[in-house]
Amino acid sequence: MRRVVVLILLYLLMQAVLPLGEGTAAALVLMAFGFLILGAYSVGELATTIKLPKIVGYLAAGLAVGPAALNFVSTPVMNQLAPVSELAIALIAFLAGAELQLDEVRKRGVLLLKMMTAELTVGFIGIATTVAVLHRFLPFLNGAPWPEILGFSILFASVAVVHSPAVTMALLSESGAKGVVARTTLGVVLLADVAVVLSFSGALALARVLAPPSGNAGVGVLTVFWEIGGAILVGAALGAIVAMYLRFIRRELFIFAILVAFFGAEIASVMHVETLLTLLVAGFVAENWGGGEGEQLRHAMERAGAPIFVVFFALAGAKIKPSAVLELWPLVIPIVVVRAAGIWAGTQLGAWWAKAEPQVAKYTWMGLISQAGVAIGLSSVVAGVYPERGEEMRTLFLAMIAINETLGPILFRLSLLRSKEATPESFRGGGH
Amino acid sequence: MSASLVLIIVVATAYLATHLLYEWLAKRLLIVSGAEYLVLGILLGPQVTGVIPIEAANSFGPIIVLGIGWIGLTVGMQFYLPRLVRITGLTFRLAVIESLVTLGVVGGVLWWAFPALGLTSEFWAIVPALALGAIAVASTPAGLDIALRDRKRREPVVNQLETSLGVNAFVAIVTVGILFAWVHRAPVNASRPPTPTEWAVITVGVGVLGGTLFHLFLGEERKVDRLVVSLGGAVILASGTAAYLNVSPLLATLVIGIVLVNTSRGRAELRTVLAGAERPFYYVLLLLAGLSWRPTTSWTVLAVIALYVFTRTSTKVYATRWSTRWNGATAQLGGDWGKALIGQGRLTVAMALDYARRPELPIGDVVFTAALASVLLTEFAAARLVRAALLPIVEPLRDLAHRLPWLDAEQEPVPGETSVSPESGEFIAPTADGASTLMRPDDDDSGAKR
């Protein structure tokens, strides 16, 4: 609570000095960045005292200072801070990949594949059907012919099934949970991420056939293959370099961690490959071929990335538009409920199919509700291909993500507590 | 290839290469690493190869401000009052005399030289002259760190050097802070533009208020992982606020550092966090300084560089020699300890960047060039200069320690007991934990408890 009072004083102090400033954009961004770190960190700490994950606090802080409320972090400032989010995604993806141990993949790979397949399939069918049924009420499908309804329903569902590796990693890092529910959730989220990128490309190609976009917008099949295949190649090469560094040099890991993430994100952008997958593969290769030094790098990366993660989630909170949720709630609520039900049913089916442990069947679904950056990214791709309808679809996605982004971490925390893989104390004392 | 990618590759390669070579170079050749980043920046920048265009270089402005703020905070964290009060008056006197004489002589010579060389009007010459005078005061501690890394005994001359380095940094930062307040542009939105005195008060106020609020914010926090977040946010916010107000981020964060180190119980942990990022920040600052540097062959600028380096070096050497003699301390300190203060490094670069990024100040490129040239010329040799300055006075003490083992540092000295001229109070004894020094990074609550 003391920190919140200090923050209010800091905010008032900044408001007092604002008229004295020269108004340079860079300095203003730096101020906002610093305040966002302190603000989100404090509200995150406060959240733990009312038994919420820190990440919900970060989101709430972002929402409070973002354009929807105080507007201290305005849209131009958020745009200036976009590289921070890119860096955070790179760090999160690398850490997520590094969490995958080769032995575990060998042992539980088939189980994870079955769980992921069942969960994604059931969720996908459920959401696509709901969108098709609700098409009269959806602005981007109102009055459209059936082939277009089918195409957009598939496209919508292919984005809506996605999870949030960032939220999953953040909660696992916060709680230090390493049990079977935690690891299954992470495994499913990571595998689903790769699968969704592939299936989204297919859905987009199908949608372009059923509902041709105006002009020549869109992405070719070869481009999609390169985005995925190239990401694996580039990621493996980057991972091999990191592994060699860990084997032979092993020093200054704090700085090295930041450089790896920066370099990975930049090289993925330059090579036009999928950033998340590139860093995921790099993390996996570095962890499993790094001569047992991967844990030190992970720790260094968590430490170096702590302020970046805080800002990443705060920025995600600042992007939430409560007005959009309020406007679209009659449409959003059914889709959110169907998605959650699909995830639950899919994981039950998957757990039965893979003969998973009872606690996996019981609790894993709760860790799969979260949505954040990947979903926003994919919806932006849709908006790029279908400028008008895609933008309307994106607004609906943002409203949906706002709910899943808030409820997801709470549910995942609950699942880790109920499965006894984490304690309230571990949440209070953990990482960022 | 994008400019950002090139920069990342360069930073990564240079950093790793330097790191691999650093220990070896430092140990074998007593070379301080750093200036090569400056050269690298120049080579990559728009003036030479143009690999990184000027627009990309300009976009790194916030990183420069953050780096400047980080260095200011690191300097401020050295001024732990319980430690300062244990330093003798003579040590402080010598350090302050050396700082003020350097400021006065270098500033005075350049005040005369700038109009004489036709670089600026007589009226405006005071601003760059004072800035370069302040920059001249700053010396790098890197040479001392490398030269003394394997030593256990701490001789009075080492304490003098460490105190002088701290006082130099303080005088330099306060001078530029006041200078920036003095020549501050009137803000567009303010109903009444603050006076220079008010700007100076605002600068210090940002530091005091920021330091107090961050102290309250940090509370009892001791976990390094959490301090990274809090301290990172604090430095970014304070540097951003100072930059937004167009006052000195160095002075504001220096004050924050002083407040934090004297109020926080976790000062050792705070220092750990700061130290972890200080060298990388310095390298990035050097690289960015190199990118934005426009080297010139204009004879007037070369004359300024020559005049600056010559005046600064002579003043450091002779001012210390004469002041030591006048204070009757030659026997303990020798006459050449001023040589150890010739090297310039991170603070110099930070101050030069802080001056050059302000378009309203005159001949920013000349000030920037002179400061960076001095870093290029002196930093590599900083450790050698320290050794050359200390050997004549330290070696006989070593021999004495060998012959009289009870004097050796391996035998625990009594805390607070003096070993050199206790009656005159000239120097306090070098205790096992180096408690007499301003610069030791590992002081903690032990100092406060004594």
Residues of B:222-234, mean number of Cβ from any other protein chain within 10 Å of their own Cβ, rounded to a whole number? 6
Which entries of A:Lys319/A:Lys362; A:Lys178/A:Lys321; A:Lys178/B:Lys223; A:Lys362/B:Lys223 have Cα-Cα distances beyond 31 Å here? A:Lys319/A:Lys362; A:Lys178/A:Lys321; A:Lys362/B:Lys223
Would you work out which of B:Pro115, B:Gln344, B:Trp326 lies farthest towards the positive end of the dipole of the protein assembly as shown? Charges go on Cβ: Lys and Arg +1, Asp and Glu -1. B:Trp326
Each residue of the range A:75-83 in turn: what ³J(HN,Hα) in whole Hz from Karplus with 6.51, -1.76, 1.60 and θ = phi - 60°, glycine and Pro shown as x? 4, x, 5, 4, 5, 5, 8, 4, x
Counting other beta carbons within 10 Å of each Cβ, put A:Trp365, B:Trp182 in order, fewest first. B:Trp182, A:Trp365
Based on alpha-carbon centroids, what's the gap between the range A:128-172 and the range A:300-376 in Å, whole number please? 15
Can you give the average number of partner chain beta-carbon atoms within 10 Å of each beta-carbon in peptide B:276-282, as a whole number? 2
Which shape class, rounded, prolate or oblate, goes with the protein assembly as shown when its Cα gyration tensor gives a ≥ b ≥ c as root eigenvalues, a/c under 1.5 marks rounded, and past that a/b bigger than b/c marks prolate? prolate
Take peptides A:114-122, B:53-61, A:47-55 and line them up by average Cβ neighbours within 10 Å, highest first, as a rough protection proxy. A:114-122, A:47-55, B:53-61
Using alpha-carbon positions, the gyration tensor of chain A gives root eigenvalues a ≥ b ≥ c; with a/c under 1.5 called rounded, otherwise prolate if a/b exceeds b/c, else oblate, the class is rounded
Most exposed first, judged by fewest Cβ atoms within 10 angstrom, A:Leu190, A:Leu100, A:Leu113 run A:Leu113, A:Leu100, A:Leu190
For A:261-274, mean number of other protein chain Cβ atoms within 10 Å: 3
Can you tell me how the range B:87-137 classifies by the Cα gyration tensor, rounded, prolate or oblate, using a/c under 1.5 as the rounded cut? prolate
For the range B:224-292 and the range A:246-279, what is the centre-to-centre distance using only Cα atoms, to the nearest Å? 25
Expected sort for A:294-307, B:341-354 on mean C-beta neighbours within 10 Å, highest first, is B:341-354, A:294-307
Arrange A:Arg247, B:Arg83, A:Arg339 by Cβ neighbour counts within 10 Å, fewest through most, would you? A:Arg247, B:Arg83, A:Arg339
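All of the numbers you see were taken from the coordinates with simple rules; none came from a lab. Worth saying up front: this structure is predicted, and the values here are computed from it rather than measured. No Cβ is skipped: glycine too gets one built from the backbone with ideal geometry, and neighbour counts run over all protein chains shown.
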